[in-house]
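J.: Encoded as structure tokens, here's the structure I'll be asking about.
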Amino acid sequence: MRFPPLIYTQSFLEFVDKVNERGEGVVKINVRGGPEVIGLSEQPDAVRNGVVDMAYTAASFYAGTVPERDAMVASNTNAIFARENGGIDLLNEIHQEKMGTYYLGWFDSGVSYNFYTIDEPTVDDEGNLNVSGLRLRSNPVYDAFFQDYLGAQPISLPTTDVYAALERGVVNATGWTQIGLKDLNWDRFLNYRVDPAFFSTDMGVIVNLDKWNQLSEESQQILQEVAIEHERDSAEQLAELAKEQQAQLEADGMQVITLEGEAAQRFSDAARDATWERMRRQMERHPSGLENYDTLIEKFNDL
């Protein structure tokens, strides 16, 4: 079956429209397509290699090149905070150095993830989530948390395969953001949501650095100004949309299982700590080592 565009795609197209309106006669973005043209995981390399000039992509797709991207995943805030305190500028410097790309903006930030199941999940005597019997769909962004804290054996599946996997019972649980579940029609199968939420989305726009440097100063200014405005607008709009969509899912019958007290804190801490630890291990493999590690934690968390 074909799915309607996810809200994240719609958000990016809004950004494109804003640039093209303000940049008329100066700079224009031509959208060439999405995964039907270049696969999602191949898009970052396509930007780096100059096959395309720009991509709106999850930073998780190039974690091996820029492990610092986990600063966004583990963040408990959004792009508004990280832009104001210099965190996104630092991340841009790292992208230029390690990937040869210009990090234009962190869009649709602050939207967290939840754990969703077909069957009612249970908790153990200490209030921790019990994953016994769960066939858990995962992807690399979840793996450390799902394996190390939950003790689950995740099944790696791309987003496009999850609907069929839920329908056939190949998996009976997954993580997903607080928006977009209905867009994918996964709510036909998923009946329970586990709180608290965890992680943050890491969607953003990267630009080939050589191409960026070839642009006029006016073009660069328009692109950057609109990107910063869209960081704020999308964060605020999606925060409201997340509330609306979660409420709609509950109105349609989705039940919420809420971890309490220390168990909830352990769950939240484990998601964050597993991500920071993954970032640390990956950064240690690069020549620059742990440079900026502590700074990134500070700038992407409103502690």
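The values are calculated or read from the model by the stated rules, or taken from the named source; none is laboratory data. Because the structure is a prediction, the values reported are computed rather than measured. Don't worry about glycine lacking a Cβ; one is built from the backbone with ideal geometry, like all the others, and counts go over all protein chains shown. Protein only, heavy atoms only, side chains kept; ligands, DNA and RNA dropped before computing areas. Shrake-Rupley method; radii C 1.70, N 1.55, O 1.52, S 1.80 Å.
J.: Could you look at region 240-302 and say what percent of its accessible area is carbon and sulfur, using a 1.4 Å probe and all protein chains?
T.: For region 240-302, the apolar C and S fraction of the accessible surface comes to 43 percent.
J.: Order of 81-89, 104-112 by packing, highest average Cβ count within 10 Å first?
T.: Top to bottom by mean Cβ count within 10 Å: 104-112, 81-89.
J.: Enter the accessible area per residue of the chain (Å², integer; probe 1.4 Å; all protein chains in place).
T.: The answer is 46 Å² per residue.
J.: Amide H to amide H, which residues 5 or more places from Val171 or on other chains are under 5 Å from it, using H placed in the peptide plane?
T.: Hits under the 5 Å cutoff: Leu166.
J.: Another one. Taking K and R as +1 and D and E as -1, what net charge do the other residues with C-beta under 13 Å from the C-beta of Glu229 add up to?
T.: Net local charge, Glu229 excluded: -3.
J.: Total Lys pairs in the chain closer than 29 Å by alpha-carbon, pairs eight or more apart in sequence or interchain only?
T.: Eligible lysine pairs with Cα atoms under 29 Å apart amount to 12.
J.: Please report the net charge: other residues with Cβ closer than 13 Å to the Cβ of Asn49, K and R +1, D and E -1.
T.: Net local charge, Asn49 excluded: -2.
J.: At 222 nm, what helix-only mean residue ellipticity would the chain give, in deg cm²/dmol to the nearest 500, using -39500 (n - 2.57) for each DSSP H run of four or more?
T.: -13500 deg cm²/dmol
J.: Count charges around Ala82 for me, please; just the other residues with Cβ under 13 Å from its Cβ, Lys/Arg as +1, Asp/Glu as -1.
T.: My count for the surroundings of Ala82 gives -3.
J.: Right, here's the next one. Would you calculate the separation in nanometres between label points at Glu225 and Lys28, each defined as 7 Å from the Cα along the Cα-to-beta-carbon direction?
T.: Going by the 7 Å Cα→Cβ label model, 2.0 nm.
J.: Return the carbon/sulfur percentage of the accessible area of region 1-120, one whole number, probe 1.4 Å, all protein chains in place.
T.: The value for region 1-120 is 47 percent carbon and sulfur by accessible area.
J.: Classify region 9-109: rounded, prolate or oblate, from the alpha-carbon gyration tensor (a ≥ b ≥ c, eigenvalue square roots; a/c under 1.5 rounded; otherwise prolate if a/b is larger than b/c)?
T.: Note, shape of region 9-109 comes out oblate.
J.: Out of all DSSP beta bridges with both ends in region 89-202, state the antiparallel percent to the nearest 5.
T.: Around 75 percent antiparallel, to the nearest 5.
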